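Below: the structure, in structure tokens.
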Amino acid sequence: MRLKIQPINKPVKDYDKEKREYEALLAKLPPELLAQHREREAEERAEYEAKHEREIAERDLRFGAWLEARGLDEPAEDDLETPARFCTDEDVDAARRRGLVAAAVEPVSINAFELWLIWGPNYQDSGPFAKCEKAARLRLPLAIGEGSITLVIESEKVRSSGYEGVFTHLVSRMPFEGTIDGEYVTGALVQVISDMELFRIELSQGSQEIADKLARYFDRLFAEINLPEDLSAILAPSKRCFACGRPLDDPISKALWIGPTCAKNLGVPHNSEAVRIIAEKRRTFICDAGRSPDVAQFFD
Ligand SMILES: [Zn+2]
């Protein structure tokens, strides 16, 4: 195993440029055609707005019923949690209608990944995804219960008039695949509401039990994890350094799955105290997700 930020060829998303190019194309049309086009555009917009209003009204009705069924009053204006929970329930229903298995829990936040991969410790866009000039991909083999899944995190580069220069963000769908407790599982972490860092678990293959176990695992992980320090606590066991892929020889490196030089480069502790802390965290993250693997096996 070796963790690697893999640059990918995906063009920078430039919303303003797309709009300018479209307008330049329209400017070439003869006046009559342009007038027709504008008319059609206005009709389509009016239709879209009417549809949008109908959807909002319908959603409000469902939200009212949802609150009533739970004996809740209207949420306070600054209460993000109640609508977020409602949206999750709605999304879970929608996923089930599409034949997918969705975890019936509150959505999980992925801030820990963004902090590590994009913002960096001082929130200065110093994370490896932000420093990579291109969009990038990272495959993370995560240990969960008795098994592991590989989560694929991808970034994209965006240019928009609201910001100076190009910025980086994580794409709103993170696919994963693996085997947990002997069951093959494939699915994704899917963003619930845009502009809110909340994701739900959606499986295209796997049982409800595994979906809920994954949700508990990620919930705990994102609430408590501190990256990159805790990488050794969440990654699948490896006999090679997870940063460079070289074989490991001393006992501390073998317990942490990373050599001293790579640990120094990543800025993570590499001593017997770190081994004790990581072992404790492995118990929390990996084992509490379900049946407990024998943690001692990792130290052979
Ligand atoms: Zn290494």
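So which residues in region 103-146 are of a type in the set (A, V, I, L, M) and either under 30 Å from Thr82 (Cα atoms) or at pLDDT below 90 (or both), if there are any at all? Full working, then the answer.
Looking only at region 103-146, we keep the residues that are of a type in the set (A, V, I, L, M), and these are 103-105, 108, 110, 112, 115, 117-118, 130, 135-136, 138, 140, 142-144.
Ala103, Ala104, Val105, Val108, Ile110, Ala112, Leu115, Leu117, Ile118, Ile144, listed by residue number.
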Worksheet item: Given the structure, is Arg173 in contact with a helix residue (DSSP H, G or I) (Cβ under 8 Å, 6 or more places away or on another chain) and more than 16 Å from the ligand (Cβ to nearest atom)?
Response: no
Worksheet entry | Hits in region 211-260 (condition: part of a helix (DSSP H, G or I), within 13 Å of the ligand (Cβ to nearest atom) and within 22 Å of Phe176 (Cα to Cα)) | Leu231, Ser232
Worksheet item: Got a sec? Which of Val295, Val275 is modelled with pLDDT under 80, away from the ligand (no atom under 16 Å from the Cβ), surrounded by 13 or more Cβ atoms within 10 Å (Cβ to Cβ) and over 21 Å from the mean Cα position of the chain (by Cα)?
Response: Val295
Worksheet item: Can you name the residue in region 261-270 that is within 12 Å of the ligand (Cβ to nearest atom) and touching a residue at least 24 places away in the same chain (Cβ under 8 Å) and, of all such residues, is surrounded by the most Cβ atoms within 10 Å (Cβ to Cβ)?
Response: Val268
Item to complete: Could you please find all residues in region 15-32 being in contact with a helix residue (DSSP H, G or I) (Cβ under 9 Å, 6 or more places away or on another chain) and surrounded by 10 or more Cβ atoms within 10 Å (Cβ to Cβ)?
Response: Leu26, Leu29
Discussion item. Of the conditions (1) outside any helix (DSSP H, G or I); (2) modelled with pLDDT under 85, Phe86 satisfies every one except a single condition; which number is it?
Written reply: (1)
Worksheet item: What are the residues in region 13-59 that are under 39 Å from the mean Cα position of the chain (by Cα), at pLDDT 90 or above and of a type in the set (Gly, Ala, Ser), if any?
Response: Ala24, Ala42, Ala46, Ala50
Worksheet item: So, of the residues in region 147-181 that are part of a loop (DSSP other than H, G, I, E, B) and touching a strand residue (DSSP E or B) at 6+ places or on another chain (Cβ under 7 Å), which turns out to be surrounded by the fewest Cβ atoms within 10 Å (Cβ to Cβ)?
Response: Val171
Worksheet item: With respect to Ala243, is the statement that it is within 21 Å of the chain's Cα centre (by Cα), surrounded by 18 or more Cβ atoms within 10 Å (Cβ to Cβ) and in contact (Cβ under 8 Å) with a residue 40 or more places away in the chain true?
Response: no
Worksheet item: Taking region 1-58, which residues are closer than 30 Å to Glu133 by Cα and assigned to a loop (DSSP other than H, G, I, E, B)?
Response: Met1, Arg2, Leu3, Lys4, Ile5, Asn9, Lys10, Pro11, Val12
Worksheet item: Do we have any residue at all in region 185-205 that's of a type in the set (Asp, Glu) and assigned to a helix (DSSP H, G or I)?
Response: no
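Looking at the structure I just gave you, is Glu58 surrounded by fewer than 12 Cβ atoms within 10 Å (Cβ to Cβ) and farther than 29 Å from Ala188 by Cβ? Before the answer, list the steps.
Numbers: surrounded by fewer than 12 Cβ atoms within 10 Å (Cβ to Cβ): yes; farther than 29 Å from Ala188 by Cβ: no.
In short, no.
The values are calculated or read from the model by the stated rules, or taken from the named source; none is laboratory data. Model, not experiment: these values are computed from the prediction. So basically every Cβ, Gly included, is an ideal-geometry build from the backbone, and we count neighbours across all protein chains shown.
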